[in-house]
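This report refers to the structure that appears directly beneath it.
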Number of protein chains: 2
Amino acid sequence: MTHPHAIHAPEAPPSLDPLVTMLAADMDRVNATIMARMDSNIPLIPQLAGHLIAAGGKRMRPMMTVAGAMLGSADAAAREPAIKLATAVEFIHSATLLHDDVIDESDLRRGRETANALWGNDASVLVGDFLFARAFELMVEAGNLAVLGRLASAAARITEGEIKQMAITGQPDTALADYHDVIEGKTAVLFSAAAAAGIEITGASTAHVEAMRCYGMKLGMAFQIMDDALDYAASASDMGKNAGDDFADQKITLPTILAWQDADAEERAFWTRTLGEARFRDGDFAMAQGYLAQHDAVDRAIAMARNFADEAAAALTPFMQDGDTAPLATALANAARFAAARSS
Amino acid sequence: MTHPHAIHAPEAPPSLDPLVTMLAADMDRVNATIMARMDSNIPLIPQLAGHLIAAGGKRMRPMMTVAGAMLGSADAAAREPAIKLATAVEFIHSATLLHDDVIDESDLRRGRETANALWGNDASVLVGDFLFARAFELMVEAGNLAVLGRLASAAARITEGEIKQMAITGQPDTALADYHDVIEGKTAVLFSAAAAAGIEITGASTAHVEAMRCYGMKLGMAFQIMDDALDYAASASDMGKNAGDDFADQKITLPTILAWQDADAEERAFWTRTLGEARFRDGDFAMAQGYLAQHDAVDRAIAMARNFADEAAAALTPFMQDGDTAPLATALANAARFAAARSS
């Protein structure tokens, strides 16, 4: 361990709650801006966008932006551009969810029917495009071209990550490096750009912007690895989402990559028939869970997520040394550990 | 007629050729930038985007940007930011085409198989998203926040237009004003923003930016009305695209709106059964063409397109009075008339 702060971690149990409390006032402003700016005189747009966005989720990505801004400036009024950026970040995320559900042909998200199931794929594609364009309008209003460029590049990287994910679909022998590349693109880059944009727009130093960029990236990696691990760890009723979906969709994720690496011929034949060729039989998902358990693959994936969470916390070192920023930095560190401690 | 320039129009037959010649050097720079910036280390992206973009089309939208920049600045080096904006405009347009083909489930565009037919809907959605994000990266590089805001708003308006088009699909009694709203959003706004952005980034006066904004808008209206009229005027072999597609897709366009307005009960029953309810029979498209001919609906639509083209030409008045800009302005006026003179 090279990071002393990873050793002297706070003793409090990992939790998102302290962070949520500290960010509550600014997140209220973000939520109000989300509602105001998803409006359009085309009624379908607020209806469909509202269905997705009202369904909630933890709003982790805009929280990154708001937290970054609070580390950079104690003046709530001066954080107004960051409120717009946080809204833009949520809109970019929402746009990718709408398009993902079309691509995955998903019917359920967060336990509710998806927008494409209710309104059709056409509407989901177009309202996703609308939210994406509206995000850029908000960024223009925030008024900082460098920050806008950071988020525009993140948006391009997201789609590259998703396209690469599509390319490795059905390839159970995917290399770990390719998986990392996929999740960095499809998930971690937006966490990272969101966190960096929030502090950058307050005029913070390059070192502080870089610290938040690194924090967001590592947190995003932890977050996606946990998501992928939990898809094999739990049943649908436990999770409120579709456990086993990745398996059914032939998505290649960390647990199956680890299991493939250690697999014998019989196991590889199983992964090839299922993930590779989609020739599924009853009981295959339980068998997949069994093979993963034999190789400790889910637990090893979770351990890798925890390692990324520790690295995220360590990136916050510059903010731990200042009495004004240390409490929020501590809450962010705990949030990172929480992201890697979610259980099925 | 209130516009003297509409009366004293150049006698040359409407043609795109003089404009193409005047813009050729800058359009070569745009084409080189398009090829360079659609690249990615994910091979599918340049493959799929290249299939669409190599298929060509006239590149009318980036030509608007380049023409605007040339009206604003005679210095080729100073137009470099406009080359990036023109590339961004083509990427935004390409993204909407990729998503449109998914939505329309089209198999042919410009006489070639569509990207979604070759690579699947998933890839078309994601590569469209990539091109959209890459467009914003290019706009950031162009370095002018006001211009970026203009194009971001246009992008939002495009999706609003397409969503409204979806809403009026299958409604043969759609009002003319709603149709105008749809085509202004889905087509004219991008022509308009493209033309205005090109001249605005050269530091031109508000009056000159507004003149090009107006020119692009009117040209875009003429362009889309002609496209809609020709869908009923010709057979598939004549057009190199799918004549009758709008009818089969229950899209409501100017010819059918005009025919509906003048229709008797029997004709309305026909439009309701076909456009309204999609209960198609053999020979329906020929019958639709017959009803349109009875009411002169296609010719009246083309006349309205010509009127928009005349208004586009008239908007160029400020550039006609200056010897340096008059030749290009004349070529732009002729291009507008050409857009409304395309025949089947």
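The values are calculated or read from the model by the stated rules, or taken from the named source; none is laboratory data. All values derive from a computational prediction rather than experimental measurement. Neighbour counts run over all protein chains shown; Cβ positions are idealised from the backbone, glycine included. These area figures cover heavy atoms from the full protein model, side chains too; ligands, DNA and RNA do not enter into them. Shrake-Rupley method; radii C 1.70, N 1.55, O 1.52, S 1.80 Å.
Side notes on the structure shown:
- Label 7 Å beyond Cα on the Cβ vector: residue B:77 copy-to-copy distances, nm: 4.5
- The mean sequence distance of close C-alpha pairs (under 8 Å, at least 6 residues apart), as a share of the length of the stretch B:29-154, puts its relative contact order at 28 percent.
- Kirkwood-Stokes translational diffusion coefficient of the stretch B:134-284, alpha-carbon pairs, 4 °C, 1.567 mPa s, µm²/s: 76
- Per-pair calculated FRET efficiency, R0 = 25 Å: residue B:105 and residue B:294 via Cβ, rounded to 0.05: 0.20
- Pairwise alpha-carbon distances in the stretch A:198-344 exceed 23 Å for 45% of all pairs.
- With a threshold of 22 Å on the Cα-Cα distance, the over-threshold entries among A:186/B:164; A:58/A:251; A:186/B:84; B:58/B:84 are A:186/B:164; A:58/A:251; A:186/B:84.
- Those residues of the stretch A:132-156 whose amide nitrogen sits under 20 Å from the label point placed on residue A:322, 7 Å along Cα→Cβ: A:147
- Volume of the Cα convex hull of chain A, divided per residue and given in Å³: 130
- Solvent-accessible surface of protein heavy atoms, probed at 1.4 angstrom with all chains present, puts B:184, B:105 in the order B:105, B:184, largest first.
- Computed from the alpha carbon atoms alone, the convex hull of the protein assembly as shown holds 167 Å³ per residue.
- Approximate spin-label separation residue B:15-residue B:177, in nm, with each point projected 7 Å along Cα-to-Cβ: 4.3
- Here is the P(r) of the stretch B:35-80: all C-alpha pair distances, binned every 5 Å from 0, give 5, 19, 18, 16, 15, 16, 9, 3 in whole percents.
- Sulfur and carbon atoms: percent of accessible area, the protein assembly as shown [1.4 Å]: 51
- Between this copy and the others, label points of residue A:117 are 3.3 nm apart in ascending order, each placed 7 angstrom from Cα in the Cβ direction.
- Surface burial for A against B, with a 1.4 Å probe and both sides summed, reaches about 3200 Å² of accessible area.
- Summary of packing: across the peptides A:190-197, A:23-30, the per-residue average of other C-beta atoms within 10 Å ranks them, highest first, as A:190-197, A:23-30.
- On the beta carbon distance between residue B:75 and residue B:54, with R0 = 41 Å, the FRET formula returns roughly 0.85.
- The same position residue A:207 in the other copies lies at 5.5 nm from this copy, comparing label points 7 Å beyond Cα toward the beta-carbon, shortest first.
- Equivalent ellipsoid semi-axes, the stretch B:31-138, via Cα gyration tensor eigenvalues times 5, rooted, Å: 27, 14, 11
- Principal axis analysis of the Cα atoms in the stretch B:243-315 yields extents of 45, 24, 17 Å, listed in decreasing size.
- Volume per residue of the C-alpha convex hull in the stretch B:274-344, rounded to whole Å³: 102
- Accessible area of the protein assembly as shown divided out per residue, in Å², using a probe of 1.4 angstrom: 37
- Of the peptides A:274-280, B:91-97, the order by per-residue mean of other Cβ atoms within 10 Å, starting with the highest, comes out as B:91-97, A:274-280.
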